[in-house]
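Have a look at the structure below before the remarks.
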Amino acid sequence: MPVEVPQPVTPTIDIQALAREIAFRMDPEALLDAHDVGAMLKCASRYILEEYMKTLGFPKPLRLTGPEKRRSHPRWRRQDIMDWINFHMEGRSKRGGRARNSYAL
């Protein structure tokens, strides 16, 4: 009796919806959540909420008021996060890491 091998399931992707989502997130006025900011800074969203939010100079989050006067999760303007990143990147080499001795032998 031949064994039936299951066929892999191919997810259907809505290309138009994906394109709209990408365009929205690239807008400087877009409101990003902790997951989005974490992706930009290459860290976990929990680290954004627990550490970066306490950092002096980190952009203050916006909290929208919803039904029953409940506040939303924190959101940040994309441009504010980009300005903060650029400010902290000034004067650093593109390679990153610690400075190397530059003396010649």
**Q.** Subset of segment 42-71 [of a type in the set (Ser, Thr, Tyr) and surrounded by 12 or more Cβ atoms within 10 Å (Cβ to Cβ)]
**A.** Ser45, Tyr47, Tyr52
Q.
I'm checking my understanding of the structure. Among residues of segment 55-92 that are in a helix (DSSP H, G or I) and more than 14 Å from the chain's Cα centre (by Cα), which one is nearest to Phe24 (Cα to Cα)?
A. Asn86
**Q.** Selection count where residues are exposed (fewer than 10 other Cβ atoms within 10 Å of the Cβ), closer than 16 Å to Arg78 by Cβ and among the charged types (D, E, K, R), scope segment 4-41
**A.** 1
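Values quoted throughout were computed directly from the atomic coordinates according to the rules given, and no laboratory measurement underlies them. Being a predicted model, the structure only gives us computed values, none of them experimental. Backbone-built Cβ (ideal geometry, glycine too); neighbour counts: all protein chains shown.
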